[in-house]
1. By how many nm would the segment from residue 556 to residue 25 lengthen if fully extended, with 0.36 nm per residue of separation less the alpha-carbon distance?
2. Restricting things to alpha carbons, find the Rg to Rh ratio for region 85-131 using the Kirkwood radius for Rh.
3. Pairwise over distinct Cα atoms, reciprocal of the mean inverse distance: report the Kirkwood radius of region 1-75 in Å, one decimal place.
4. May I ask you to derive the FRET efficiency for residue 424 and residue 179 from their Cβ-Cβ distance with R0 = 41 Å, giving the value to the nearest 0.05?
5. For region 370-492, what class follows from the C-alpha gyration tensor (a ≥ b ≥ c being the square roots of its eigenvalues): rounded when a/c is under 1.5, otherwise prolate if a/b is larger than b/c, else oblate?
6. Kirkwood hydrodynamic radius (Cα pairs, Å) of region 1-160?
7. Share of Cα-Cα pairs in region 237-379 beyond 25 Å, in percent?
8. Given a cut-off of under 8 Å on Cα pairs at least six residues apart, what relative contact order in percent is computed for the chain?
Amino acid sequence: MTIEDIISEGAVKAVKDLYGADVPSSALVPSATRKDFEGDLTVVVFPILRISRKSPEATATEIGEWLVANVKAIEKFNVVKGFLNLTVSPKYWLGLLHDIAADPKFGFRDSDEQSDLVMVEYSSPNTNKPLHLGHVRNNLLGYSLSQILKANGHKVVKTNIVNDRGIHICKSMLAWKKWGDGATPESTGKKGDHLIGDFYVAFDKHYKDEVKAIMGAENISQEEAEKKSALMAEAREMLRKWESGDEEVRDLWKMMNSWVYAGFDETYRRMGVDFDKIYYESDTYLEGKDLVLGGIEKGIMYRKEDGSVWADLTDAGLDHKLLLRADGTSVYMTQDIGTAKLRYQDFPIDKMIYVVGNEQNYHFQVLSLLLDRLGFKWGKDLTHFSYGMVELPEGKMKSREGTVVDADDLMDTMVASAAEMSADRFAEMDKKEAAEIARMVGLGALKYFLLKVDPRKNMLFNPKESIDFNGNTGPFIQYTYARIRSVIRKAGDFREDAVIEAAPNEKESTLIQKVADFPSVVAEAGRNYSPAVIANYAYDLAKEYNQFYHDYSILKEEDTQRRMLRLQISNVVARTLKSAMSLLGIEMPERM
């Protein structure tokens, strides 16, 4: 039970004893006392004046006196009009410090047989290009959300749907056939996903050149020229052959996809994300196709004269949605319908969360509605974790034009920047340790910068700003952790189970309280699906500790009990920072 719960519960009992009335605990929830007043937590009594039938000052005074007499955690109080400012006993903070130090899983709840199962889908790459900055934010959000849900006692299955079929993949395949000269990752020395991405860009270049030539030769519009493109017609024909099971096309598809998967796996490992189950669109789209065709018989879908299949959603305030093209090929919606069915067959899912950018809000609105109409009652309960786009100072990225910020290149740059900025700090380390710390710091900077922003907002990623060792950055928090670990190593005689009797002063109590807030922060992040809540808590805790470190001596403190108290406070702060950052997928170096 938190100190807020203790005070709220005590205030409810006080109202019952003093005025003979029952009030909900939600009416008397304390908040942090304003810094210009004495006290730790404040209860506002205005909501119960109609019960007490006394002035705000008199009501607050009576409840304050009752709390001091009956709640051991409360040492004293003062009243400012209807605001009851309560000072928590140092003994309470000391006891809380001991409890936190003794709990290796402080802030985290374990799952049990009754825990619900949450499936989180994230990443969802296409096999025609490598992962880019947008994918990085998606993966980090999905992984962090999964860790936060686990910390809240949920069972979690992390899934990925790989978009391994469709016209985009055929563009890369066709480009390789035409201009690849048998290139392989081994022969070129390139990661497989990068190699295939090059061919996707090559297709777009040749396609644009062809369209431009047609426009000039026939004096027609771009739209008309695109319809006459022989290259695009070849790509569409390749897709039709793929869907009909053409052996040559399928063999080429398998070979090129295997290159991409190897590249993806390397990027995922480096990024520190993983999956419990990977689904492939090539396996799920037929399930969706069957459901859509069955929907025609049920009157849920209809077929147009050209053979295409649609759903009429106008009665729900939406429009008509294409589900199968005239040539029988599937669209993303069809695939998602099939994937959803398979997932609920594979796992006893209580909650399904899709981590997908906000440009797909409409898509998931439609998906939920279609699944419900097809008879899957869990369709209404699907959650789209919609997040904003990430851009660079230079502007938007376009994968067709090869202007994306590649995930691998971005991680290389961040690690190199960390090594460069920390060269003086790493001077006394051997090269292997320095390289490992630079990796942690560089990737920590990247992850923290992308996760500290409310996920619903669009954001601008500034690599230089993210790597700063001051301010609200990952390296600042990592450095605070490493500083504490250094202090504890130098202390030599520190024990986590030491019995401490020194009463915490105001600053020490504030730090203990800040650490004690961690479980409620984890719970809030889980309720709101927001890694940013964790990130900004970690920053506030690190900032609070650094102020404490600046103002008070730790290792040179002559009073043995006071020294041990400050070491224990430092220890639980370090542990809590490490736990918080682990929920963001960020590693913490023991020294920097």
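1. Values: separation 531, 0.36 × 531 = 191.16 nm, distance 4.49 nm.
Length gained, residue 556 through residue 25: 186.7 nm.
2. Numbers: Rg = 21.6 Å, Rh = 16.0 Å.
Rg/Rh for region 85-131 comes to 1.35.
3. Details: mean 1/r = 0.0804 Å⁻¹.
Final number for the Kirkwood radius of region 1-75 is 12.4 Å.
4. Values: r = 48 Å, r/R0 = 1.18.
Between residue 424 and residue 179 the formula returns 0.25.
5. Values: a/c = 2.81, a/b = 1.77, b/c = 1.58.
Taking the square roots of the gyration eigenvalues as a ≥ b ≥ c, region 370-492 is prolate.
6. Details: mean 1/r = 0.0522 Å⁻¹.
Taking the inverse mean of 1/r over all distinct Cα pairs, region 1-160 comes out at 19.1 Å.
7. Working: 3821 of 10153 pairs.
Everything past 25 Å amounts to 38 percent.
8. Working: 944 pairs, mean separation 86.5, N = 592.
So the answer I get is 15 percent.
Read-outs throughout are calculated quantities, based only on the coordinates presented, and are distinct from any laboratory measurement. Given the structure is predicted, the values throughout are model-derived calculations rather than measurements. Because the Cβ atoms are built from the backbone with ideal geometry, glycine has one as well, and the counts that use them run over all protein chains shown.
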